[in-house]
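Structure first, then comments.
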Amino acid sequence: MILIVDSGATKSDWIALDEKGDQLFLTQTLGLSPEVLTREVIEDRLANNFELSRNRKEVTRLHFYGAGCGTDRMKKFLKNIFKDFFPNAIADVKEDTYAAIFSTTKIGHQGIVCILGTGSNCSYYDGHQLIQKVTSLGYIPMDDGSGNFFGRKLIRDYYFHKIPQDLALKFAKEYDLDPDVIKENLYKQPNPNTYLATFARFLIENKNHPYSKGVIDKGFQQFVNNYIMQFELATKVPINFVGSIAHYLKDELTTVLERNDLIVGVIRQRPIEGLMEFHRETL
């Protein structure tokens with residue numbers, strides 16, 4: 001059995017294939033980012049999934065693409081967990097950027113591949129290898145244009161009284177904005193980046209409000225300036241995206257890209273289906 005996993009900070013999509021490439025099952029767990037989770041939490045999330053627990057000894061190959069897997073230390077950390085949970089499997093752990101590449105860009109073709117989901121990232125793919133200009137320092141100082149970036153912006157603007165009153169009242173009705181609740185989730189609970197990203201839904205649902213339009217536009221322009229424009233070929237190759245923010249704000253994102261003379265490529269919410277086709281071709 002072959003397992004293919006696309007793991008973001010919020011959730012992880014799992015597809016199991018047999019040796020012929022036929023799908024056996026599709027399941028989902030919470031995100032498994034090694035940067036923000038302990039071994040115990042990750043093990044619990046694996047063990048609590050019925051399909052994974054039932055089939056864990058049947059897995060012979062694991063292709064894991066995950067947020068927070070950009071360093072050798074984080075890859076080794078996850079491989080040790082997988083070795084214990086899937087005792088008969090050979091595990092290959094790559095950062096989630098490779099999932100974005102393999103699901104949007106054909107082997108041998110060039111392109112810039114971006115992630116805009118709970119977090120954000122951007123890489124250049126020359127047709128064979130990945131090239132990055134920006135090393136991520138995590139969700140606090142970086143992640144421009146992401147779900148947690150927009151969530152942080154909303155909370156800050158609400159407390160600094162910068163959200164128009166009509167929208168602020170609506171925001172307060174939909175979320176518990178008590179300062180103690182916010183601080184509890186940010187400083188004492190796991191996955192503060194995922195918590196921040198939950199507020200981005202409000203921005204998406206109210207994207208036609210003048211305030212929201214401004215926030216979205218500035219956030220995407222900041223992502224273009226700080227990430228995409230790092231590459232000299234930025235205006236000459238397609239710019240591909242994966243992630244919920246890119247998907248649900250596709251029109252707004254396209255507007256910003258075209259304004260910067262960038263070529264809009266593939267925009268996909270979830271890379272898992274593209275990953276499945278990629279690995280079927282390599283069986």
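Quick note: the coordinates plus some simple rules give every number you see, no bench work behind them. None of the values given here were measured: they were computed from a predicted structure. Cβ: placed from backbone, ideal geometry, glycine included. Neighbour counts: every protein chain shown.
So the values come out like this:
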| quantity | calculated |
| --- | --- |
| Residue-averaged 222 nm ellipticity for the chain, from DSSP H runs of 4+ at -39500 (n - 2.57), nearest 500 | -12500 deg cm²/dmol |
| Neighbour-count order for LYS213, LYS153, LYS106, fewest beta carbons within 10 angstrom listed first | LYS106, LYS213, LYS153 |
| Percentage relative contact order, the chain, counting C-alpha pairs under 8 Å, at least six apart | 19 |
| Cα-Cα separations in region 149-194 greater than 14 Å, expressed as whole percent | 53 |
| Identified option (computed percent of Cα pairs over 32 Å apart; candidates [x] 47; [y] 35; [z] 27) | [z] |
| Order of MET276, MET229, MET74 - criterion: other Cβ atoms within 10 Å of each residue's Cβ, fewest first | MET229, MET74, MET276 |
| Estimated Rh, region 217-275: Kirkwood, alpha-carbon pairs, angstrom | 11.8 |
| Region 75-144 pair-distance distribution - Cα-Cα, 5 Å bins, rounded % | 3, 14, 21, 17, 17, 15, 10, 2 |
| Sparse-neighbourhood loop sites, GluC sites (Glu not before Pro) in region 212-279 - DSSP loop, at most 13 other Cβ within 10 angstrom | GLU232 |
| Largest-first principal axis extents of the Cα set of region 1-136 (Å) | 40, 35, 23 |
| Region 1-48: GluC sites (Glu not before Pro) in DSSP coil with no more than 13 other Cβ atoms inside 10 Å | GLU19 |
| Förster radius 35 Å - calculated FRET efficiency between GLU43 and GLN165 (Cβ-Cβ, nearest 0.05) | 0.15 |
| Total lysine pairs whose alpha carbons fall under 25 Å of each other in region 153-248 (8 or more apart, or interchain) | 24 |
| Non-local Lys pairs in region 1-140, i.e. 8 or more apart or on different chains, that have alpha carbons under 17 Å apart | 8 |
| Scaled radius of gyration (Cα, divided by 2.2 N^0.38 Å) that region 13-87 gives | 1.09 |
| All Cα pairs of region 66-209, percent lying beyond 27 Å | 38 |
| Using alpha carbons only: equivalent-ellipsoid semi-axes of region 171-283, gyration tensor based, whole Å | 30, 21, 14 |
